[in-house]
Each structure stands twice: as structure tokens, then as C-alpha cells.
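The values are calculated or read from the model by the stated rules, or taken from the named source; none is laboratory data. This structure is a prediction, so every number in the text was calculated from the model and none was measured. Every residue, glycine as well, gets a Cβ built from its backbone with ideal geometry; the counts of neighbours run over all protein chains shown.
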């Protein structure tokens, strides 16, 4: 026993330090207290924030940690249409701001009402790692480069669509009647991963099964891990974070391993002469754009951050796109009367393209002619919104509302997208002659018919955000 105690003392305190057991005990106690203090000072303020909001006389809609957000939004917006109210979600209390001041919120600067800090806090990013949620290079690459080159990526994507469907659909076995059973969401995940990867990292990596599974597992497991961690008391989260985020870190390591040789080759040799001509090469361009915006020191780059950036954009592309396409297919099966008109429209646009000398692979211009398809997608998302609360923000300074309430810093806020989807009276905004379906019913061509009204030709498109359509956010 004495030998064990001496060994413990040597482990805790090097032989070079001649300390007695009393001093060692005090050091251990100090270390424990310091650890508790650090953890305590970093505790979340969900409960204190809710009390602050109640003190402002903000009504709270919904009770308990398992509040039904959909029902709370419906009740809250009907009861308080022109004033803010609070929903105590299972993570943080969220102030729902009236939709009447959406444009005011949209115009506020990031330093006052932050999108990035909201994402950071909601995903418990301080427990994950040092990488920035949105690095400057990835933001610049998307805003400046990807947006400007969208049309150039389509030719590349047509080839990848062909490959993705052959790999994921045509290889499925048929039953005795010639039908194939397709696990929709799983197959859509694989297809979207291939398509986004073709633009983000290029071939052959985008077709590498390890890369595909890495991006998919990252997309699925990050949200699940964050959700499980939020269910833990605040003081347990730092303890369980390494366990819950294990798959997250595994994905990061694998992404670094797969990306490193590509990044090193790109840095060493740069784009080929052909690729350098006017940005014609779009295969895996995001890597090149990222590197062009990333500062280098003596030829060295932060591969961890670049891998994180790639996984972040992959998550953004795969998650919402896969959900949208899956709902789209289910709605198409549920309302088959839309199939024939959609096919007729597509065949007409393809025929027109070929007659003009095209190869049938539609460009951005031709895609804008698919009004019915665009409308069907928008209606599907209206009925099945990806997020019920949009324009989510974190206040870094006080926010005065027209109701007279002043929301304190640290408040999480957003707007009710669900009620907008269900109640905006499109038929009153524009005089139309057709019979408008009720908003609790699915009308796949609702928006294409609205666009027939003179002056509405460029309104009500799937990618258009407005105070009438918040599913893409509005200013996010």
C-alpha cells in the first residue's frame, strides 16, 4: 500500500517538486474547484433567458420541454398576430416576432442580430471543436463564385445525374410484374451526395464510396448528436460531448484524409492551362475557389478547416435538398393527376431546345421555362416546410420592437413560416380568374397559375423569397 501511495504521489507531482501531501491535497482541491467554476461560467442561460422574457410580459405559448412547436405556432400567431410571444422549445426559448416586421429584421446587420451565432449556439458548436461554423473563405466562395457560376455547373451535373440514377435506381431488382421497390430517402441521399460532390470536390472523389458515406453520415449524425446532447442537463453536456460527437470527428478525420492529396496537388500545380481559361472547368470548382480565398503560410493550409468547410456545404446541400425531393416524390405519388401535365411540359421544353440545335441537356434558361414543375416543387415545400421557424437569429444587442418590448442580448428569435404557408391570401394579392384551392389542400399548379396574371411572370417562383414565402428564409 505504501508503495502504491508513493507511486501516486510521483504521478501527481514530479520528483523535482518537493511537496508534502497537504500541499498536494490543496492543489487537487483547487483544480477541482477551478474546473467547476469554468464549467459553471459556461453554463447555458436557457432558464434565466426564459425568466427575463417573462419579466418583459411576453406571453409564453406551450408548456414543458416537449412542446409541440407546430401547435404552439398556430395558437400563438392566431392569438398574438401583431406582437411577439415565446415558445419554450426543448433547446432554448425562442421569441416569435410578428411577420409584419420581417423586412425590418431582414435589414439589421449581422453584428446586431446574428445568424451565425444562432447556428453556433443551437448546434452546441463550442462543444464540438475549434473550427468556425462559417469561415470567411467558404462564405466568399459561395457568395462570389458559386452563385456567379451556377449556369456553368449544369453540363457537369447532367452527366452526374445520369451516373447517379444508373447506380442507385437501375441496379435495383425488379419484382415479377416489373416494379422496383425504392427506399426513397436513402436513395435520394445518395443521389444528392453525388451531385453536390461533383461541384464541391469533383470526380473521382465525388464517386468514392467512402466520401459519399462520410458526407451522408455527417449530415445525419450531426443533427442526431446535437439533439441527444440537448436532452442532457447543461452540466453533463461537456462530459458526454466526446461520446456523442464521435461520429462527427470520425467524419472530419476521413474527410481530411480524402481531401489532403487533392488539396496538396492543387497547391503544388494549380489549375491546368485549360482549366484556367475563363473558369470553363466546373468539376470540383469549390476546392479551387476555397483555396483562392484561403490565406497560406509558406504553402501550408489548414486542412482541418477546409475539410470542415466541405462537410458544412455538403450538409447544407444534402439535408434540405434530400428532404425536399423525398416529399416531392411522395406528393407526386399521392396526386398522380399532375404527372401527365408535368411530363408534357418537360417534353415540350426539351423538344424546343433540340429544335434550336441543343442536345437536350437543359440550360438555366430552359429550366426557367418549366413553370409547372417549379410550381409543383414550391407547393410541395409549402405543405411540407423544412423548418417551421425561419429567419432565426441571436441578438448581440438590445432590439426594440414596435410593440414596445425591448428584447435583451442573448435572445433567440425567429418568424413563423408555418402560418405564412397556410394563410397568405395569394388570390387577394392578384386578381385571378381560376378557382383557387383552399390552403389546406394540395394544388401542384397553384403558383404557375398565379404567374399567368400579367405582371406576375417572375413572381411566385420556388427560389424566390418574400414576406409571402419564407421557406428559403428571407434575408438569411
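Screening the stretch 127-245 for helices (runs of 4 or more DSSP H) wholly inside it with 1 or more residues that are at pLDDT 90 or above and farther than 21 Å from residue 262 by Cβ returns the ranges 150-165, 184-200, 209-230, 234-244. Of the residues making up the stretch 57-93, those that are closer than 22 Å to residue 228 by Cα and either in a loop (DSSP other than H, G, I, E, B) or over 28 Å from the mean Cα position of the chain (by Cα) (or both) are 62, 63, 64, 65, 66, 67, 68, 89, 90, 91, 92. Sort out which residues of the stretch 102-118 are in contact (Cβ under 8 Å) with a residue 40 or more places away in the chain and within 22 Å of residue 88 (Cα to Cα), and write them in order of number. Matches in the stretch 102-118: 102, 105, 113, 114, 115, 117, 118. Scanning the stretch 343-365 for residues that are surrounded by 13 or more Cβ atoms within 10 Å (Cβ to Cβ), touching a residue at least 24 places away in the same chain (Cβ under 8 Å) and not in a loop (DSSP other than H, G, I, E, B) turns up 345, 346.
Scoring residue 390 on the criteria (1) outside any helix (DSSP H, G or I); (2) under 30 Å from residue 267 (Cβ atoms); (3) in contact with a helix residue (DSSP H, G or I) (Cβ under 7 Å, 6 or more places away or on another chain) leaves a single failure, condition (2).
Of the residues making up the stretch 377-397, those that are more than 19 Å from residue 102 (Cβ to Cβ) and touching a strand residue (DSSP E or B) at 6+ places or on another chain (Cβ under 9 Å) are 396, 397. Please count how many residues of the stretch 270-311 are within 13 Å of residue 201 (Cβ to Cβ) and at pLDDT 85 or above. Counting residues in the stretch 270-311 that are within 13 Å of residue 201 (Cβ to Cβ) and at pLDDT 85 or above gives 11.
Applying the criterion of being at pLDDT 85 or above and farther than 26 Å from residue 69 by Cβ to the residues of the stretch 417-446, the residue that is surrounded by the most Cβ atoms within 10 Å (Cβ to Cβ) is 444.
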